[in-house]
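I have placed the structure first, in the form of structure tokens, so that the comments after it can refer back to it.
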Amino acid sequence: MPTEDTSAIAVRLDELLQDRGMTLTELSERIGLTLANLSILKTGKAKAIRFSTLEAICRELECQPGDLLEYREDSQ
Amino acid sequence: MFGTTIWIFRIANWLNWIGAVLFTLLLAALLLASEHFYPAITQAFEVRGQEAVRAVWTWLVSVCAIVVPAAICIHVIFTRLIALLRDAAIGQAFSEQNARRLKAVGWALLGVNILDLIFGQISVWASAASGEYFGWTFSLTGWFAVLLLFLLAKVFREGAAMREDLEGTV
């Protein structure tokens, strides 16, 4: 199975948090996800995201999934 | 449970090596002082005639010689199983390394099976040549176990890939 180190899918969690003036710790408490797991997502090291996680983030940050995830062609 | 099993395997492996050393000493004695063994063989196995005694002696030497490679195979089996159990005890059973360990156990068991076949052949020959019956029966169990271990190694590889995916899921 080939493993990809760089994904074309970028997670824009940092920007969203900055816009809303929220810290990663605060978000992790609100959505009930560990800080470690949320860091994995933020740094783009996650391999997959659960719908339940996506739902919780969108609910707390009042955004759409498209605001959180972005496809970048050049990073491949 | 894991701790106890690990200790049982450890002790079994020590016994394995103690046995191997004893058989090696016996092998050396059989080779260096064969003439001293002939009267003992005549008495113990109730065989008559130079050729029959010689056949029993050859059987003994072969058995001792087979024990050493068998001990190495058994050592591989026990040490890999101990390492696997240690990982399982901390919830890390499904890994690429454990898949490789299971494969190694499979190869080692294949080695033991082949040695058992050789032992069987020698026993059949020695029985015919000496008139004394050296018990050996062919068994498929070990061969099936080898197949099972190789399949299990594949399952572990799949498990490792799934685990990796799961760890990257948030």
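Does at least one position in segment B:86-97 carry a residue that is hydroxyl-bearing (Ser, Thr, Tyr) and either loosely packed, with under 15 Cβ neighbours inside 10 Å or free of Cβ contacts under 8 Å to residues at least 24 places away in the same chain (or both)? Let's see the steps before the verdict.
Let us first name the residues in segment B:86-97 that are hydroxyl-bearing (Ser, Thr, Tyr), namely B:95.
Next, only the ones that are either loosely packed, with under 15 Cβ neighbours inside 10 Å or free of Cβ contacts under 8 Å to residues at least 24 places away in the same chain (or both) stay: none.
The answer is no, given that none of the residues of segment B:86-97 is hydroxyl-bearing (Ser, Thr, Tyr) and either loosely packed, with under 15 Cβ neighbours inside 10 Å or free of Cβ contacts under 8 Å to residues at least 24 places away in the same chain (or both).
Please specify each residue of segment A:5-42 satisfying the condition of being assigned to a loop (DSSP other than H, G, I, E, B), open to solvent by 60 Å² or more (accessible area, probe 1.4 Å) and farther than 20 Å from residue A:66 by Cβ.
A:5, A:6, A:21, A:23, A:32, A:34
Counting only residues that are in contact with a Lys or Arg (Cβ under 8 Å, 6 or more places away or on another chain) and either modelled with pLDDT of 95 or more or of a type outside the set (Asp, Glu) (or both), give me the helices (runs of 4 or more DSSP H) lying completely in segment B:1-114 with at least 2 of them. Can you show your working first?
On the way: elements: B:2-32, B:34-45, B:50-89.
By residue number, B:2-32, B:50-89.
Please find, within segment B:118-158, the residue that is nearest to residue B:55 (Cα to Cα) out of those that are in contact with a helix residue (DSSP H, G or I) (Cβ under 8 Å, 6 or more places away or on another chain) and within 14 Å of chain A (Cβ to nearest Cβ).
B:154
Please go through segment B:159-170 and pick out each residue that is surrounded by fewer than 17 Cβ atoms within 10 Å (Cβ to Cβ) and at the interface with another protein chain (Cβ under 10 Å from one of its Cβ atoms).
If the condition is that a residue be surrounded by fewer than 17 Cβ atoms within 10 Å (Cβ to Cβ) and at the interface with another protein chain (Cβ under 10 Å from one of its Cβ atoms), then B:161, B:164, B:165, B:166, B:167, B:168, B:169 are the ones that fit.
So, residue B:129, is that one surrounded by fewer than 18 Cβ atoms within 10 Å (Cβ to Cβ) and in a helix (DSSP H, G or I) or not? Steps first, answer last, please.
On the way: surrounded by fewer than 18 Cβ atoms within 10 Å (Cβ to Cβ): yes; in a helix (DSSP H, G or I): yes.
So residue B:129 fits the description; yes.
Identify, please: which residue in segment B:132-158 is part of a loop (DSSP other than H, G, I, E, B) and open to solvent by 100 Å² or more (accessible area, probe 1.4 Å) and is, among those, nearest to residue B:110 (Cα to Cα)?
Residues of segment B:132-158 that are part of a loop (DSSP other than H, G, I, E, B), as a first pass: B:132-140.
Still in the list and also open to solvent by 100 Å² or more (accessible area, probe 1.4 Å): B:133, B:137-138.
Details: B:133: 26, B:137: 17, B:138: 14 Å.
Checking each candidate, the answer is B:138.
Out of segment A:43-54, which residues are more than 7 Å from chain B (Cβ to nearest Cβ), assigned to a helix (DSSP H, G or I) and among the hydroxyl-bearing types (Ser, Thr, Tyr)?
If the condition is that a residue be more than 7 Å from chain B (Cβ to nearest Cβ), assigned to a helix (DSSP H, G or I) and among the hydroxyl-bearing types (Ser, Thr, Tyr), then A:52 is the only one that fits.
Could you please find all residues in segment B:10-39 being open to solvent by less than 50 Å² (accessible area, probe 1.4 Å) and of a type outside the set (S, T, N, Q)?
Listed by number, the residues that qualify are B:12, B:19, B:20, B:27, B:28, B:29, B:30, B:33, B:38.
The values are calculated or read from the model by the stated rules, or taken from the named source; none is laboratory data. All figures in this text were calculated on a predicted structure; none of them were measured in a lab. As a convention, Cβ positions derive from the backbone with ideal geometry for all residues, glycine included, and neighbour counts pool all protein chains shown. Note: accessible area is taken over every heavy atom of the protein model, side chains too, but ligands, DNA and RNA are not part of it. Shrake-Rupley method; radii C 1.70, N 1.55, O 1.52, S 1.80 Å.
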